[in-house]
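Each remark here refers to the structure printed beneath this line.
The values are calculated or read from the model by the stated rules, or taken from the named source; none is laboratory data. Because the structure is a prediction, the values reported are computed rather than measured. Note: ideal-geometry Cβ built from the backbone for every residue, glycine included; neighbour counts use all protein chains shown.
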Amino acid sequence: MRIAVIGAGAVGGAFGAALAKAGSDVTFVARGDHLAAIARRGLTCLSPRGDVHLNPVKATAVPASIGEVDFVLFCVKLWDVESAGTAIRPIVGPNTAVIPLQNGIDASDRLIPILGKAAVMGGVAQISATIAEPGVIRQTGTFMRLVFGELDGSPSQRGAALQALCQAAGFEAVNSNSVLTALWEKFVLLATNSSVVALTRLPFGKLRDDPEVFALFEKGVAEVAAVGRARGVALAPELEARTLQATRNFPAEMLPSMAVDLMRGNRLELPWLAGKVVALGRELGVPTPTFAVMYAALKPYANGAPR
């Protein structure tokens, strides 16, 4: 099986490295200093699960040079979905499965007009990792999981094949017939946590023991879940409690990627996270007052550090 990882950052690099170490034929698409470091020294993933160093590595800045693949792990930032989707057209054959692993809930919908409905699956990546330096990815904690499936909920032979590859690589994988629900479950958690942590600029361990601060998590989770249910997503009644418990159990030093981007002065995925909650709430008539404030407070930083 041939796999292309489009966007060999924290998420794509970590999952792709695990698959490559297990013997899968993986090509990474990266750019800039990160690509140069990978070409020069290989790709390193530092993790409590065990460090991985790949050298040599198949890596390129030009997706079209790869040729058709069986699977695409599509891991670019949310603002690059359309441009990267167009760039990978040459590697998507009639049987290729493209699995978007973005943080939001609409990457699959945005890729379908570009690549065709048959090519695109739904996907959820669950990991905490950052690019520590060019060519080096650092994972926080040991949790590492992919959920993927056909968007219409039908049984998926290609999903079963990918699940087997992931399991051989040593991380959890779920070939789901309800991937849209899985996407929203992550969105409830991530939209809230990324906004609260970015707003306070502190890791979870500095936030969750203060009842007044933790109330932001509680209110945020409730608002996103209400929006999802109003949109017709089958979210479990206990989702809010489960999400908040997960937040309490995260490693104390953990930071969502949007908070890391904020502190580095980088562009934020804010419009597709907090901004999406506010927009959908307005569209569906669901109040989102906590998110409205968090979105407004973070919006000046959406395109990077204000100048």
Name the residue, out of ALA246, ALA236, ALA215, that is of a type in the set (A, V, I, L, M, F, W, C), assigned to a helix (DSSP H, G or I) and over 26 Å from LYS77 (Cα atoms). ALA215
Restricting attention to segment 133-164, which residues are in contact with a strand residue (DSSP E or B) (Cβ under 7 Å, 6 or more places away or on another chain) and part of a strand (DSSP E or B)? VAL136, ILE137, ARG138, GLN139, ARG145, LEU146, VAL147, PHE148, GLY149
Which count do you get for residues in segment 178-211 that are out of contact with any helix residue (DSSP H, G or I) (no Cβ under 7 Å at 6 or more places or on another chain) and over 24 Å from PRO300 (Cβ atoms)? 11
If we scan segment 132-150, do we find a residue that is at pLDDT 95 or above and touching a Pro at 6+ places or on another chain (Cβ under 6 Å)? no
Can you tell me which residues in segment 189-212 are among the hydrophobic types (A, V, I, L, M, F, W, C), farther than 17 Å from PRO289 by Cβ and part of a helix (DSSP H, G or I)? LEU189, LEU190, VAL197, ALA198, PHE204
Residues of segment 3-23 satisfying the condition of being under 17 Å from VAL124 (Cβ atoms) and either touching a residue at least 60 places away in the same chain (Cβ under 8 Å) or of a type in the set (Asp, Glu) (or both): VAL5, ILE6, GLY7, GLY9, ALA10, VAL11, GLY12, ALA14, PHE15, ALA18, LEU19
Select from segment 194-233 the residues that are of a type in the set (Gly, Ala, Ser) and under 22 Å from GLY275 (Cα atoms) and list them in ascending order. SER194, SER195, ALA198, ALA215, GLY220, ALA222, ALA225, ALA226, GLY228, ALA230, GLY232
Candidate set: segment 202-252, residues that are within 20 Å of the chain's Cα centre (by Cα) and of a type in the set (S, T, N, Q); chosen: the one farthest from ARG264 (Cα to Cα): THR243
